Structures are given as C-alpha cells and as structure tokens.
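Have a look at the structure below, then the notes.
The values are calculated or read from the model by the stated rules, or taken from the named source; none is laboratory data. All of these numbers come straight from a predicted model, not from anything done at the bench. Reconstructed Cβ throughout: ideal geometry from the backbone, glycine too, with neighbour counts over all protein chains shown. Please note that ligands, DNA and RNA were not included when accessible areas were found on the heavy atoms of the full protein model with its side chains. Shrake-Rupley method; radii C 1.70, N 1.55, O 1.52, S 1.80 Å.
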Amino acid sequence: MTIDGPSGSGKGTVSRAAARALGWALLDSGALYRLVALAGRKAGVRLDDGPGLARLAGGIDIRFESDPAGEEVVWLDGQEVTGAIRTEGAGNDASKVASLPVVRTVLLERQRHFAVPPGLVADGRDMGTVVFPQAEVKIFLTASASERAARRHKQLKEKGVAANLAALSLEIAERDLRDMNRAASPLVASADATLLDTTGMSVDAVVERVLGVARERLSLELK
C-alpha cells in the first residue's frame, strides 16, 4: 500500500496506524531524505551538491525501530536521531535534497528493499507513481494548507517546541511549490490512487477509510 500526499496531510500518522493494523512493514520515505540531509550537514556537504549527497545516501547506515511504547526510533550511522530529523528545519532540508535527481536515483533501490512479506505501507510523495507503481492499493491524502499548518503547529507545541503559525504556513506553501514543481518525481497523485481530503477529519476516521480501501481492494479481513 502506498500513501502519498503533501506535508501535514497526515501521511506519517496514518501510515503507522495502518501498518500496525495490517501487521505490515512500514517505509517512511521522507525520513530517508531527512537522514541524507542531516548526514550532509554533519559531513559539511552542501544541500545542492547532488553527487556529494548521492555518495552519502549510498553508504549511510539507516535503521528504523520502535520503542516499547510503539513510538518510532530512527538511527543514523549508529546515532539515535529521531528528534533531530523531525524539526521544521530538517523537513525543509529534506525537500531540497529530494529535488536532486541523482539522490532520488540512489535511494530508489533502498526504498524498494523495504517491500517484504506479508506487505508494506509506504509513506511519501512519489510512492505510488515512481517507487511502487505496481502497488495494489494507492492512497493520496491531502488537506487545506491552513489545516496542515495548524496541525504542525499543534504537534510542535505538544513537543514543547516554539513555533509561529504564520511562518509554518509560509514554509508549507513553499515546500508544496518546490515538491510539485521539481523535475524529478514531482508530488502528484497517481491516476489509480484513491483521493482523500482529510480536512476536518480525525486520525481514526482517516485510518478507517484507508483500511476500508485496503479491505475492498485486497479482500482483507482486518480487526
């Protein structure tokens, strides 16, 4: 199953919940680009240096794990970096790195290796169009820009991180523009994706809709 959409559409939360319900593996493709950007900053590689970042992308050690409470834990070259890659700055860095075709090429095969039995929930921006075009279930989530900014503002406040709603709105708009207009794998819904506008919907309601599509397409019996 692929779940694509713009920043703040709920992809990550919904994908994690769907993967748990299905008992499938999870790929957070956005985290891969955040990790490459973080590795680049640590190594002093400019974020517009495609060849340099591609070399890093091909060699860094990446691990996704869960803590006893089921929360994500992300490792980069043996260092726990979960918090470091979830900042707004890391997200903007990732959007810049993701616009580099040479980096996307290197990460393409790494992403496809996550597809293991009994199944995979792949969260990203080009999962259904480029990485897993053969996926039987494709979802494209979206929401109004104002709601996506408000969600992110709430998340940051809950984590004790100071954030300005107006600035977040601007960053999201800029990221949308960059993601939709990049030459390599632009953000776009695949022709066979189920479109779901999550504006005003609770997380539980969105997850249930997504699992409903999976039931229908795959004839699954889910709890």
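Surface exposure of the stretch 39-92, expressed per residue as accessible area with a 1.4 Å probe, stands at 54 Å².
Where does the charge balance sit around residue 7 when Lys and Arg score +1, Asp and Glu -1, over other residues with C-beta under 11 Å from its C-beta?
Working: positive: 11, 125, 148, 151, 152, 175, 178; negative: 88, 171, 174, 176, 179.
Within the 11 Å Cβ shell, the charges total +2.
Taking label points 7 Å from Cα along the Cα-to-Cβ direction, residue 202 and residue 178 give a separation of 3.5 nm. Per residue, the chain reaches -15500 deg cm²/dmol at 222 nm when only DSSP H runs of four or more residues are counted, each adding -39500 (n - 2.57).
Restricting the trypsin sites (Lys or Arg not before Pro) of the stretch 121-173 to loop positions (DSSP other than H, G, I, E, B) with no more than 15 neighbouring Cβ atoms within 10 Å leaves 159. Put a plus charge on the Cβ of each Lys and Arg, a minus charge on the Cβ of each Asp and Glu, and nothing anywhere else: the dipole of the stretch 63-159 about its Cα centre is then about 400 debye. Taking the square roots of 5 times each eigenvalue of the Cα gyration tensor of the chain, largest first, gives ellipsoid semi-axes of 25, 21, 18 Å.
For the pair residue 159 and residue 217 in one chain, pulling the backbone fully straight at 0.36 nm per residue adds 17.2 nm over the alpha carbon distance. Measuring max minus min along each principal axis, the C-alpha atoms of the stretch 18-60 give extents of 40, 15, 14 Å (largest first).
The loop-placed GluC sites (Glu not before Pro) in the stretch 43-78, going by DSSP, that have at most 11 neighbouring Cβ atoms within 10 Å of their Cβ come out as 71.
Cα centroids of the stretch 141-159 and the stretch 77-137: 21 Å apart.
Protein heavy-atom surface of the stretch 85-223, 1.4 angstrom probe: 58% of the accessible area is carbon and sulfur, with nucleic acids and ligands not counted. Taking a sphere under 13 Å around the Cβ of residue 157 and counting the other residues whose Cβ falls inside, with K and R at +1 and D and E at -1, yields a net charge of +2.
Other residues with beta-carbon under 15 Å from the beta-carbon of residue 135 carry, at +1 per Lys or Arg and -1 per Asp or Glu, a net charge of -1. The value obtained for the stretch 147-217, namely the Cα convex hull volume divided by the number of residues, is 120 Å³ per residue.
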